[in-house]
Every structure is written in C-alpha cells, then in structure tokens.
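Each remark here refers to the structure printed beneath this line.
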C-alpha cells in the first residue's frame, strides 16, 4: 500500500538553488525522489512518514499526507513568528522569506550566512537530534542557533570576541526563562522612557537634558572613551551612557547581555560613521544629535518580542551548544563531542580571501563593549583569516615562500598565487594590489591549517560542508578570477579529506557589498573523512 505526500511551496519567490535543495531534502529524509507539481513537490511513499520527520523540512509552507493530514514544518513556523503572522490554526502566509527569526535578528553581522542552509545541510546528511556539529568560523552563531533549534549539539570557534559574545547571547536568548526576559526588558524600557521624557532628540542636548539623563551613573567607566568621543557627538554619547547605566542595573545576566548586544547593533546608526559604508568613513553631513534612546527602545522591544514568539514554537532546551574564543588553525577542542569519538560533521561559512573588512564594520561595538582596548584593534584584525593587513616584511617573506613552495599547497592554488605575482605591475598597481599575491597565499595556507586541524576531530565517515563563493580582482590591468570553492576543495583533499561534491548556489545579494566584491554565485563545498578500513 502506498501513500501520496504533497509538499507545498511558500508564496514568496524562491531562488533556483532552494528548489533543488528542497528536492534533495525530501529524497534524503523520505528515501524517494519527488516529482515537481504546480504548487510544490509530490511523492508516493510505502510507509506513512512520521510528522516529526516532516516537520524537519526547510523550504515548505506545509506538507499534506494522503491529501488530509497536514504538517507545518518548524522552519515555516519560525519564519512566520518573525513577522507575527501565525496563529495555531493557520498555515504560514509570507510575502518574503525571513532570515531574522528567533534570536537571529538580535545583532547584524556582516558576512553571516543563510540560517536555512544549516537546517537544509543537516537534512541532506540526515543528522539525528543528538548529532555533534562543529563550526570553526562561527561568526555570530548562525550554525549554533540553528543547532539549538534542531536539537543538535554544537561547538563554535572564532577569533573575533564580538562574534563570540553575540553567539553566546543568541544561545542564551533561547534558554533564559522567558518570564524573566520579558519582565526585565519591560522594566528597562519603562525606566529609559521615564528618564528621557520631554527631551527633544532632534537637536543637540542642552546641559539640563544631559544632566537629566545622567541621573543613574555608570557603575564602571565607559571603556575606550577617547576613541568613542571621536565617533559620537556629545549628545549621543550622553544617551548611550544613560542606556548603559540602566542595563548595568538589570539583575538577570542573560537579559543584560541581550540588551547590551541590541545596543551594540544600534551604534552605527547613531554614530558619525557612514552606516552604509563597510569601512570606517565619516558621514558627509553629520547631525549634532541622533535619537539613540528611541532607536534602542524600539529595536529592543521588537527583537525581544521576536525571540518570545519563536520560543513559543520550540520545545525546551535540547543539546549542548557553545562558542569559544579561539583559532581553528591551532588545536580545535572537541568539548566532549560524542564522548571523544569526534564530531559528526562541520557546517560553516569560512571567510573569503580579502573580501570583507570584518573588523572595520565592528570597531564601534568592539570599543563600546570593551572587547578590545584601543589602539590594539590592528592586532585583532591581523589575527583573522582573510584579513587585508600585511607588512612589507610579511609580504616579502610570503612571496619568497611562494616561489619555493612545493608540497604545502596543491598546484592549482600555487598556480593562482604565482599568476597574481606575474600580473602585479608596480607602476600601475598601488600597495593594496601589490599585496594581493601574498594575501592569497597566506589565506590558502591558513585554510589548509584549518582543514588539517578539523579533520582530526571529525569522526570517520563524517563530513564538512562549507558555504563559500568565488571572487575576482584586477592586477596589472588584467582581471584575475579566484574560484575559492574549487580551490578549497582541492586544498581539503590535499589536507587529507576526500572530495565529496560542490553544489552550486545562486547568490542571494542581501547586501550591496556582494555587488561591490563581485560575488555573483556561491557554492556548498562538501568533503568527507575516510571511513576506517
């Protein structure tokens, strides 16, 4: 006896790769290849699938079994919760895909990848609920939070202290007692509303207004004050100090961290930095004041409410997830993964070679939160894989090693770096372009180190799935294409992994930075660890 199952698309527009991944998810979880229908996919199964299995699917609005039983996947409900458009008796009806559901929206983080991809990859590999996942470039915790949603155990590692703070705060947001979070958020909003009542934030604050806001003094001095005074007007800094003073009074540590992270995400909008620029560049026509307190109150209320709505849809805390400040080029902690048997897999989005100025986009947050003591910001930036900072001495040493390198990197990676050296023309290329060959070489060697170290902590038969895209640059007046997915796949094989497959994806250009850096496509690079003989 067979049973028909239909999988219905959302009403919003999909990218082609999402349709392809959805088909592969169904095939991986149900063991049948679905057919395309008018409104989604259809399949005929020999055994009626359990609702819990169907609820794992990523890209469907609803699933119908035998034309009657309806299952709404958890992912669809989470997306709907972000827009507050879902009731218990409804199927989600969304006009656009949501990526800021649950705690994903607490803090923007340039370069983070699509949370749907994490769930989809887990389904492609049929990960059980108690699986152990590693993200060696966890950033702001996209993989970790999705692991918490799915019930997987997960460990994230990153060199950036802001990413670790945001990751841990997102994880705390889905575990903190919701009554405590809502009560403390309500009290904070009420206190800040009261103390700022009657203040006109459209103009520079008077001395009396600043005194009014300073009613509750900071318990500890604001870190990096000299640096902050150069990027915030006196009126805005008075508002930020007022907010911080009231956050310090919150009694619940997790609620306090959530408020701090949300405040961090508001800083660019009320600073003298151009919010639309990835680099640290000043606004062309700055105002004397920006409404920091109203902006924070509106943002905090919306994001905490989004977390609360998502929490209603999720079971209690499952699995263990954590983020650790560290460098995946060194030893990668196993954190008890599978009692020492290793991680089941890696789901990550590694940095691009010279593609994103990560630290420049986060300087204000790093300074305000006291995560870096200025002027030590350059030291932190130099530690990140893919950074653009390199000294003359380092460049010369890298170029010398590149000329001699024989067995440390595969030939295709070496050939690209050497081609870059041939193209560089000193009279026409500035110092940044002259640095490119050495930066590419350093990036590939760093990624080789990560691939070697992570191989050691993945169980035999485990996998690595890395979302990355190609880029291009101009050297000596000639365009140089950098096929990062193919090169990382080759480096991975050279490091001991077995090549799996490379799944092409259509780039979702959510930020103008993708257009500026010529990222038009991305790919999911899949590698495997050999099983024991």
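For the chain, the equivalent ellipsoid derived from the alpha-carbon gyration tensor has semi-axes of 37, 35, 20 Å in decreasing order.
Which of 491, 503, 280 comes first, and how do the rest follow, when ranked by fewest Cβ neighbours within 10 Å? Before the final figure, lay out the partial values.
Numbers: 491 23, 503 19, 280 16.
In order of increasing Cβ crowding within 10 Å: 280, 503, 491.
Each Cα pair under 8 Å and six or more residues apart adds its separation to the average, and for the chain the resulting relative contact order is 14 percent. Counting neighbouring Cβ atoms within 10 Å and putting the fewest first, the residues 284, 211, 170 line up as 284, 211, 170. A simple spin-label model places the labels of residue 474 and residue 288 4.4 nm from each other, with each point 7 Å out along Cα-to-Cβ.
Sorted largest first, the principal axis extents computed over the alpha-carbon atoms of the stretch 407-455 equal 43, 19, 10 Å. Neighbour counts of C-beta atoms inside 10 Å place 187, 200, 135, 344 in the sequence 200, 187, 344, 135, starting with the fewest.
Considering every alpha-carbon pair of the stretch 168-219, the percent of pairs per 10 Å bin, from zero through the bin containing the longest distance, is 20, 35, 26, 18, 1. Once the Kirkwood radius over Cα pairs is known for the stretch 3-98, the Stokes-Einstein relation at 4 °C and 1.567 mPa s delivers a diffusion coefficient of 97 µm²/s. In plain terms, the chain from residue 46 to residue 214 could stretch by 53.6 nm, reckoned as 0.36 nm per residue minus the Cα-Cα distance.
Reported to the nearest whole Å, the Cα centre-to-centre distance from the stretch 437-499 to the stretch 386-422 is 14. Computed from the Cβ-Cβ distance with R0 of 22 Å, the FRET efficiency linking residue 129 to residue 341 stands at 0.85. A Stokes-Einstein calculation at 37 °C with viscosity 0.692 mPa s, built on the Kirkwood radius of the stretch 24-151 over Cα pairs, returns a diffusion coefficient of 208 µm²/s. When only Cα pairs below 8 angstrom with a gap of at least 6 residues are kept, the stretch 178-312 shows a relative contact order of 32 percent. The alpha carbon convex hull volume per residue for the stretch 178-312 rounds to 116 Å³. Counting every alpha-carbon pair across the stretch 385-533, the share separated by more than 28 Å comes to 24%. Its residue count N fixes a reference of 2.2 N^0.38 Å for the stretch 112-153, and the Cα radius of gyration divided by that reference is 1.03. Dividing the summed helix terms, -39500 (n - 2.57) for each DSSP H run of n ≥ 4, by the number of residues in the chain produces a 222 nm estimate of -13500 deg cm²/dmol to the nearest 500.
No lab work stands behind these numbers, since they all come straight from the coordinates. Computed from a predicted structure; not experimentally measured. Reconstructed Cβ throughout: ideal geometry from the backbone, glycine too, with neighbour counts over all protein chains shown.
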